[in-house]
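First comes the structure, then the notes that go with it.
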Amino acid sequence: MLEIEIDGKKLTVPSGSTVMDAANSIGVHIPHFCYHKKLSIAANCRMCLVQVEKAPKPLPACATPVTDGMKVFTHSDQAVTAQKGVMEFLLINHPLDCPICDQGGECQLQDLAVGYGQSGSRYQEEKRVVANKDLGPLISTDMTRCIHCSRCVRFTEEIAGYQELGMANRGEFTEVLPFIGKTVNSEISGNVIDLCPVGALTSKPFRYSARTWELSRRKSVSPHDGLGANLVVQVKNHKVMRVLPLENEAINECWLADRDRFSYEALNSEERITKPMIKQGGVWQEADWQTALEFVANGLKGVIAEHGRDAVAAVATPHSTVEELFLLRKLMSGLGVDAVETRLRAADFSLKTAGATWLGQSIADLAASDAVLVIGSTLRKEQPLLAQRLRQSVKKGMQLAVINPHGDDLLTAKAAELVVRPDQLVEGVVQVLRALAEVKGIALQPNIENGSGDIPAEARAVAAVLAGKEKAAVLLGNIAQQHPRYAEIYAAAAAIAEATGAKLGVMSEAANSVGAQLVGAETGGDVFAKPRQAYFMLNAEAEFDVQNGAQALAAVQKAKLVVALSSFSSCALEHADVILPVSPFSETSGTFVNMEGRAQSFNGVVRPLGETRPAWKVLRVLGNVLGFAGFDYTTSEEIRDEALAGEIGPRLSNALAAPVAVKAQAASGLVRLGEVSIYQADMLSRRAPSLQKTADAAVAAQLRANAATLAKLGLAAGDRARAEQAGGVAELAVAVDAGLADDVIRVSANHPLTRALAGHVAAITVAKA
Amino acid sequence: MTVYAKGVVFEGVDFDNPNHWRLEEYVKRGGYAALKKILNEKITQDEVIAEMKTSSLRGRGGAGFPTGLKWSFMPRNFPGQKYLVCNTDEGEPGTFKDLDIIVSNPHALIEGMIIGGYAMGITVGYNYIHGEVFEAYQRFEEALEEARAAGFLGDNILGTDFCFQLHAHHGYGAYICGEETALLESLEGKKGQPRFKPPFPASYGLYGKPTTINNTETFASVPYIIREGGQKFLELGKPNNGGTKLFSVSGHVNRPGNYEIPLGTPFADLLEMCGGMRGGKKLKAVIPGGSSAPVLPADIMMQCTMDYDSIAKAGSMLGSGAVIVMDETVCMVSALERLSYFYHEESCGQCTPCREGTGWLYRIVHRIAHGEGRPEDLDLLASIGDNIAGRTICALGDAAVFPVRGMLKHFRSEFEYMIEHGQSQFAALS
Ligand SMILES: Cc1cc2nc3c(=O)[nH]c(=O)nc-3n(C[C@H](O)[C@H](O)[C@H](O)COP(=O)(O)O)c2cc1C
Ligand code: SF4
Ligand code: SF4
Ligand code: FES
């Protein structure tokens, strides 16, 4: 510990602290631009110059290490003169037209200029003008305003993992640029907007649509991946205008993924449905709520009376809240219906665990691991911010290993990597297990078949990463969870965890995957394989939210009654019989339980659009209409307290309830690797126009294979190919993906271009179109 | 350029012999004897560094930092790789001595670096050579090959277990790459931008490893010191200013060129060696240490001796030893305009005061030089300078301000005249 005195206040700080750290710890504000607690120290803006006793010159607080007995003056004449001098330099080439700048009102330069600037400018020369840059659909530029703090550059390199921005040229000709002809394509790129202290980088979708002082700030929780990023939703006239991160070090730190940040565009989409609708004689008609609810109640009762309660299934995506899923379950039990399912993207429903599957530890604990093995995941796209956290952990020495059906770059070092065919994921995991058993001299569990053949060196390397680590984790991603042999993958992964003392974790696919399990909304299995007479669908779109979308679509089209509780009309209009407009997350209160088992409740940030109603209220009234007892809730909190009664912790468990037989299988022929692409994952991101213009969205429209496979098929990059699965056809542009094993055809799933296809991991045929 | 006076670095070099730079000739005039002496007599690392300290050799790159002391900062028992780097970026306007060293006596530099590597326990070195010279670069590569072939460089030097690899690296043609930490960034393949110090290169240098950087002339002086002893070197010059030093004399003298003379030589003697003023004109002013050094008027300069202490006392710096001589026809406003343009053009742009301030300084001086000066400009220049100097990441910011301060201190009236009359009082003369 070191002693330091700042503006007369004495304090002690750990050695290695900077003067800025020390000042922050006692709430002394030192003006700054380039300094950011999550980024490396650049010390280039010089705004933080302070006086240090015995130092002949003012020193930058952000980069000056504290020495014992140091005395710092942040407001002395020397310090303030230096700070004012820097401010003058920053302003000489900065446009002084704040009224037309999109950053106006939330600009650090503007704020500090009030305290440190002069009223008139001594600069009488010509001002600099800098050409704007095309950074893609999300980030707008006004580069003349750039103050060269390099925060954006450091962010792309250090946090996003790939330097997509750089500083070209010298001196006052220095410009922030993307690589020539390239845009900024990171899945967490929007953070540079928050980092930029001036109006050089602003939000393209939000641009010029409102002033910060016109917006009210409301807290919320991201409805996308299983992390549960905390949000500040900014609202004007009952409309969501913008989404920013709410800092929560335990979860999203100060970041947001682009999906969290920009999907709000869908909230204001033309496709929002705002009145209940009933289809009669093939014609859609608006209805009042009472009529619509009675139609639903009677319809359900009618189907059950005629075909029995097994003829009805309720499906919901795990992006639905705890309250919604709990009431859905309760409503269905009232009707005697068992089948309530949220694992819509699953292909294997056989896994049984002792509790709700989860990360197995807190996000912060995971980040402090010595080694992490990720199995079956396109990590950066499934969990953008978790991937970011692990990237930082790797910098601090964590070793990251992967077993994957692709070689995607994690933008951080992989200590070991085993790439397999997607239908050999089980076998890949077993190979690592065998390698571990060999090293440790232990036998495989009797239920796990000890496949034959040599253990590949890559599998041994993966095993070596985990072996002997104090704090290790084995994580299962979406590819594993959506795999037709999920239970086997899970069992083999659990065996690896057991053999190495690692914690087994499931990276929840959606915002409320854990909550869905806690309320028991997983009782249906594959409800579309054997078509039902009636489907009750909450926030779910058959062709986009169900693994075999084509099969699901066929099933709902054949059903007698399809009730859709949805915020959007588009898909529902095609196959539903009645649509009840329900609130997206921004218009309802509710709770999501994230992957670490943390329940996060939120309130609606705007009032429901038109006659839209929060789904929990709709389900409650439906319970009343059906005459069920126990549907008298007045607030969502009452529902939550009933749904999550008691502590959550003890109800989380990744322990297998029964052993799973893991059998080695051989595989050959073309196989599909189908993943749901990042901006196709849920109803909102699918409808956010700006996200749909990103590079990630473009990749999702391609058919990818390695060069050898393409050559074998007579295809080349740029060709159009016709992929066929179970009679469904998709025509796609061809691209090379060198990271795939031979004979693997990577075609994204649940995409407008591919929705006619079947299973994510299944045989596929491909020909030139 | 031509070398007119020979001291420690060019000792015994016969420029008329076209092979003078070759290893064979270097050995004939006593080259590699210092290295052999160290290895044969098993002189310890500490003894080498002690000899360097005795010599009072001060870094020839500009800052004049005592070399022996710098070498002693290197961690001795560091477990990983350490690096030795030579700075042959030589970008300071007026300076052209290092180029002559790698062209005319490259082995002195190579031997000096090998000895440095030995003294600090370093096994890998780089010479970062100015990006806009090509034949000189080739020459140095050839000399490296000779040294390797002769067993002076590489593994198991002269049959001992001492190994030292030395590589040449062609620079990227920016002045800022001569600043030691920008040089390291550039050497790593990044944009040449200075790093914030601390940490200093001795703890966090090339690729984050302990590194010592010295100027070409500094290294080339080392073999003499080891061969003849530090004391003898020191006595060539004067206390605290040991040895001879290369001065690159340019401007209005009859015989511009490199002069390697004892530190402490009166400037008047140097001027005489240069054949006096060109065309018999009067000496007006001298920039005694490269473009970054404040200008000194003739009367002060004629009282100075050429060494670090004397020039510092006179209010300027010996810097890199580039002596820019100006006669009575020179318009100081134009001279400053040229200097300020250079720093405006060469600022790396990283830190605010230098990035924004150098352009501001230049624009004002440019206006004055073009007859558009304003009475308040001179105070403004001084004030901008005060806001740059001492507030930047590297010394380029200071270097941009010193010429302005020097000119305003000694030649303010010329600037005032120009502002008032819209044209130079020297218009007719030049
Ligand atoms: C802007 C700037 C440019 C510099 N250029 C050079 C150069 O070209 N050559 C050089 O040796 N030192 C140059 N230096 C000084 C180096 O940073 C460093 O001090 C020197 O290489 C150390 O070697 P020495 O101790 O042997 O002098 C420059 C410094 C600054 C601030
Ligand atoms: S664009 Fe913004 S964040 Fe990037 S360097 Fe410029 S001012 Fe800083
Ligand atoms: S002082 Fe100038 S050259 Fe040095 S780091 Fe700052 S901007 Fe770059
Ligand atoms: S905040 Fe310290 S130099 Fe920018």
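The values are calculated or read from the model by the stated rules, or taken from the named source; none is laboratory data. Just so you know, these numbers come straight off a predicted model, no measurement behind them. Neighbour counts are summed over all protein chains in view; Cβ atoms, including those assigned to glycine, are modelled from backbone coordinates with ideal geometry.
Some notes on this structure:
- Qualifying residue in the stretch B:158-168 (condition: more than 30 Å from residue B:400 (Cβ to Cβ) and either part of a helix (DSSP H, G or I) or within 16 Å of ligand 2 (Cβ to nearest atom) (or both)): yes
- In the stretch B:239-257, the residues that are under 19 Å from residue B:64 (Cα atoms) and in a strand (DSSP E or B): B:241, B:244, B:245, B:246, B:247, B:248, B:249
- Only residues that are over 20 Å from residue B:320 (Cα atoms), of a type in the set (Ser, Thr, Tyr) and within 14 Å of chain A (Cβ to nearest Cβ) were counted across the stretch B:179-226, and they come to 3.
- Condition check for residue B:390: among the small types (Gly, Ala, Ser), at the interface with another protein chain (Cβ under 10 Å from one of its Cβ atoms) and within 15 Å of ligand 4 (Cβ to nearest atom): yes
- Neighbours by Cβ (under 6 Å, 6+ apart or cross-chain): first from the stretch B:263-275, at negative phi; second aromatic (Phe, Trp, Tyr): B:273/B:259
- Members of the stretch A:231-252 that are in a strand (DSSP E or B), within 21 Å of residue A:139 (Cα to Cα) and either under 15 Å from the mean Cα position of the chain (by Cα) or not charged (D, E, K, R) (or both): A:231, A:232, A:233, A:234, A:235, A:240, A:241, A:243, A:244, A:245
- Residue list for the stretch A:86-130, restricted to those being outside any helix (DSSP H, G or I), in contact (Cβ under 8 Å) with a residue 40 or more places away in the chain and either under 30 Å from residue A:693 (Cβ atoms) or of a type in the set (D, E, K, R) (or both): A:95, A:101, A:102, A:103, A:104, A:105, A:106, A:107, A:128, A:130
- The numbered conditions (1) more than 16 Å from ligand 4 (Cβ to nearest atom); (2) free of Cβ contacts under 8 Å to residues at least 60 places away in the same chain are all true for residue B:198 except (1).
Every residue, every condition in (1) in a loop (DSSP other than H, G, I, E, B); (2) in contact with a Pro (Cβ under 6 Å, 6 or more places away or on another chain); (3) within 14 Å of chain A (Cβ to nearest Cβ); (4) surrounded by fewer than 23 Cβ atoms within 10 Å (Cβ to Cβ), yes or no:
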site: B:309; (1), (2), (3), (4): no, no, no, yes
site: B:345; (1), (2), (3), (4): no, no, yes, yes
site: B:357; (1), (2), (3), (4): no, no, yes, no
site: B:372; (1), (2), (3), (4): yes, no, yes, yes
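- Only one of the listed residues (A:209, A:186) is in contact with a Phe, Trp or Tyr (Cβ under 9 Å, 6 or more places away or on another chain) and either over 21 Å from residue A:395 (Cα atoms) or more than 16 Å from ligand 4 (Cβ to nearest atom) (or both). That residue is A:186.
- Spans of helices (runs of 4 or more DSSP H) in the stretch A:505-584 with at least 3 residues modelled with pLDDT of 95 or more and under 12 Å from residue A:342 (Cα atoms): A:513-518
- Condition met for residue A:193 (without any contact (Cβ under 8 Å) to a residue 12 or more places away in the chain and either surrounded by fewer than 22 Cβ atoms within 10 Å (Cβ to Cβ) or away from chain B (no Cβ under 14 Å) (or both)): no
- Criterion applied to B:338, B:391, B:367 was being surrounded by 19 or more Cβ atoms within 10 Å (Cβ to Cβ), among the basic types (Lys, Arg) and more than 16 Å from ligand 2 (Cβ to nearest atom), and the one residue passing it is B:391.
- For the stretch B:254-272, the set of residues classified as buried (at least 20 other Cβ atoms within 10 Å of the Cβ) and acidic (Asp, Glu) consists of B:260 only.
- Looking only at the stretch A:134-157, and only at residues there that are over 12 Å from residue A:192 (Cβ atoms) and among the charged types (D, E, K, R), the one that is farthest from the other protein chains (Cβ to nearest Cβ): A:134
- Residue match in the stretch A:203-215 (condition: in a loop (DSSP other than H, G, I, E, B) and in contact with a helix residue (DSSP H, G or I) (Cβ under 8 Å, 6 or more places away or on another chain)): yes
- Candidates are the residues of the stretch A:32-63 that are at the interface with chain B (Cβ under 7 Å from one of its Cβ atoms) and basic (Lys, Arg); the one that is surrounded by the most Cβ atoms within 10 Å (Cβ to Cβ) is A:46.
- Total residues in the stretch A:151-182, condition of a type in the set (Val, Ile, Thr) and within 26 Å of residue A:395 (Cα to Cα): 4
- Residue satisfying all of: in the stretch A:14-31; among the aliphatic types (A, V, I, L, M) and more than 9 Å from ligand 4 (Cβ to nearest atom); nearest to the other protein chains (Cβ to nearest Cβ) among these: A:19
- Entry remark, the stretch A:158-177: residues being over 22 Å from residue B:352 (Cα atoms) and more than 11 Å from chain B (Cβ to nearest Cβ) number 6 in total.
- Set B:333, B:323: member being crowded, with 24+ Cβ neighbours inside 10 Å, part of a helix (DSSP H, G or I) and more than 14 Å from chain A (Cβ to nearest Cβ): B:333
- Test: residue in the stretch A:174-181 that is acidic (Asp, Glu) and either surrounded by 23 or more Cβ atoms within 10 Å (Cβ to Cβ) or within 18 Å of the chain's Cα centre (by Cα) (or both): no
- Of all residues in the stretch A:64-98, those satisfying the criterion of being within 12 Å of chain B (Cβ to nearest Cβ) and small (Gly, Ala, Ser) are A:79, A:82, A:85.
- Residue check for residue A:188: more than 16 Å from ligand 1 (Cβ to nearest atom) and under 24 Å from residue A:365 (Cβ atoms): yes
- For the stretch B:236-250, the criterion of a residue being out of contact with any Ser or Thr (no Cβ under 8 Å at 6 or more places or on another chain), within 16 Å of ligand 3 (Cβ to nearest atom) and in contact (Cβ under 8 Å) with a residue 12 or more places away in the chain is satisfied by no position.
- Only one entry in A:198, A:184 is within 20 Å of residue A:685 (Cβ to Cβ) and assigned to a loop (DSSP other than H, G, I, E, B), namely A:184.
- Taken over the stretch A:616-662, the residue count meeting the criterion of being assigned to a loop (DSSP other than H, G, I, E, B), of a type outside the set (Gly, Ala, Ser) and over 33 Å from the mean Cα position of the chain (by Cα) is 4.
- Any hit, the stretch B:23-41, residues being buried (at least 19 other Cβ atoms within 10 Å of the Cβ) and in a strand (DSSP E or B): no
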